[in-house]
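Okay, so here's the structure we're looking at.
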Amino acid sequence: MIRTGILNPAILSLLARVRHTNTIVIADRGFPFFPMIETVDISLVDDLPTVLQVLRAVLPSHTYGNAFMAEEFLAANDAATVEAYRDTLAGIPLAFEHHENIFKKRVPQAIGLIRTGDTTQYGNIILESA
């Protein structure tokens, strides 16, 4: 029996398939469904769990070389929220890109997507394994 770390078997399976330069998406409750990639939906109620909670849980599992977020996140959220994401990703290069034109076009190439109950506007993140 697993006693520490991630307990969800679907998330463990997803993470086990991430290799060099593969990506995973951690998304909010309103993120569109992409039928071509596996989605693990762990949303329960508004803001439970959040993208940041899931991010903090998955970061120890791999070395991540890059992270991508929508540039709209910066305008839609206050400084404390932006800083919380930056702090959580400390040491991982973070690029902000246009939500529709670039960010969402990365999603179909991901190994999978973890959907949360988060309500943070544009709080979705793509992690790229180093």
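Please treat every number below as a calculation from the coordinates, not as lab data. What you see is a predicted model; the values in this text were computed from it and never measured. Reconstructed Cβ throughout: ideal geometry from the backbone, glycine too, with neighbour counts over all protein chains shown.
In this structure, M1 and D47 have a Cβ-Cβ separation that, at R0 = 41 Å, corresponds to a calculated FRET efficiency of about 0.90.
Ellipticity at 222 nm from helices only: DSSP H runs of n ≥ 4 in the chain, each -39500 (n - 2.57), divided by the residue count, give -6500 deg cm²/dmol. Within the shell of other residues whose beta carbon sits under 12 angstrom from the beta carbon of V45, the net charge comes to -2, with Lys and Arg scored +1 and Asp and Glu -1.
How big is the Kirkwood radius of the range 36-88, worked out from every pair of different alpha carbons and given in Å to one decimal?
Details: mean 1/r = 0.0764 Å⁻¹.
Computed over the range 36-88, the radius equals 13.1 Å.
Using the alpha-carbon atoms, what tilt in degrees (0 to 90, nearest 10) does helix 79-88 show relative to the longest principal axis of the chain? Rounded to the nearest ten degrees, it is 30. Under Stokes-Einstein, with the Kirkwood radius over Cα pairs as Rh, the value for the range 21-129 at 10 °C and 1.306 mPa s is 116 µm²/s.
So for the chain: antiparallel DSSP bridges make up what percent, rounded to the nearest 5? Antiparallel bridges: around 45 percent, rounded to the nearest 5. Loop-resident trypsin sites (Lys or Arg not before Pro) (DSSP state other than H, G, I, E or B) in the range 13-44 with no more than 13 further Cβ atoms inside 10 Å of their Cβ: R17, R19. Sorted into 5 angstrom bins from 0, the C-alpha pair distances of the range 70-117 split as 5, 16, 20, 29, 24, 6, 1 percent.
3J(HN,Hα) along the range 115-124, derived from phi through the Karplus expression 6.51 cos²θ - 1.76 cosθ + 1.60 where θ = phi - 60°, amounts to 9, 10, x, 4, 10, 5, 5, 6, x, 6 Hz, with x in place of Gly and Pro.
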